[in-house]
1. May I ask for the net charge around residue 157, where only other residues with Cβ less than 12 Å from the Cβ of residue 157 are counted and Lys, Arg are +1 while Asp, Glu are -1?
2. Kyte-Doolittle mean at least 0.5 and Cα extent at least 30 Å along the axis: which DSSP H helices of the chain qualify?
3. Would you mind telling me the share, in percent, of accessible area of the chain contributed by carbon and sulfur at probe 1.4 angstrom?
4. Once you have the Kirkwood Rh of the chain from its Cα pairs, apply Stokes-Einstein at 20 °C and 1.002 mPa s and quote D in µm²/s.
5. Counting other Cβ atoms within 10 Å, keep those with at most 13, restrict to DSSP loop, and tell me which GluC sites (Glu not before Pro) in the stretch 104-171 are left.
6. Find the accessible area per residue for the stretch 98-175; the probe is 1.4 Å, ligands and nucleic acids are left out, and the unit is Å².
7. How about the stretch 21-116: which GluC sites (Glu not before Pro) there lie in a loop by DSSP and see at most 15 other Cβ atoms within 10 Å?
Amino acid sequence: MILQPLAVRPGADIPAPVLTELTALYASNREFQALSGDFPDPDDIRPEQVAAQLADELANPDVEVLLARAEGLLVGVVVTLARHPDPADPDPWIGLLMVDAGAHGRGYGRRIADQVEQRFRAEGRDAVRLAVLENNPKGLAFWTALGYEVIGHRPDLQLGRPCAVLRKALGEREA
């Protein structure tokens, strides 16, 4: 599996084949979409909605959208944030990690998280944070199984949804 940045120049559109793949991936995760409220209708996610959401993310120069591919197929997407808007928060963040629902249970999420952690570790970062919606026990179980610890609770900055904030120290990689 490889992670590759979604390379889109400012003001340019996501290439249509990639947008089609991303829309299918987002739509495959109906349960999460219903929990998050990120799209008006979790049963009808449209390419222009996905493009708009990713354009909003990529408007921030500290954001990186990474595509996870296995055997040429898009199996996941992860959005990272190099710096949190709160200057007192020194850690990078994982804003979203989503695996195609048809590929759940194959270890892709775990491998994507590991590769993101490796990238941050290589940049000399000490830890990584993320937020899990309070109404997403599956998400919380996934991240705590990977060694993330709940360090607080607060509303997310975009929509004010209740979240658990998790953190994982990025010590030396185990051999």
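1. Details: positive: 154, 161; negative: 86, 89, 156.
Around residue 157, the surrounding residues sum to -1.
2. On the way: long enough: none.
Flagged H segments: there are none.
3. Working: 5020 of 9550 Å².
Heavy-atom surface of the chain belonging to carbon and sulfur, 1.4 Å probe: 53 percent.
4. Details: Rh = 16.7 Å.
Taking Rh from Cα pairs, D becomes 129 µm²/s.
5. Details: sites: 117, 123, 134, 149; in loops: 123, 134.
Answer by residue number: 123.
6. On the way: 4530 Å² over 78 residues.
On a per-residue basis, the stretch 98-175 sits at 58 Å².
7. Working: sites: 21, 31, 48, 57, 64, 71; in loops: 71.
Here the sparse-neighbourhood loop sites are 71.
The values are calculated or read from the model by the stated rules, or taken from the named source; none is laboratory data. Just so we're clear, the structure is a prediction, and the values are computed from it rather than from any experiment. Cβ atoms come from the backbone with ideal geometry, glycine included; neighbour counts cover every protein chain shown. Calculation scope for accessible area: heavy atoms of the full protein, side chains included, ligands and nucleic acids excluded. Shrake-Rupley method; radii C 1.70, N 1.55, O 1.52, S 1.80 Å.
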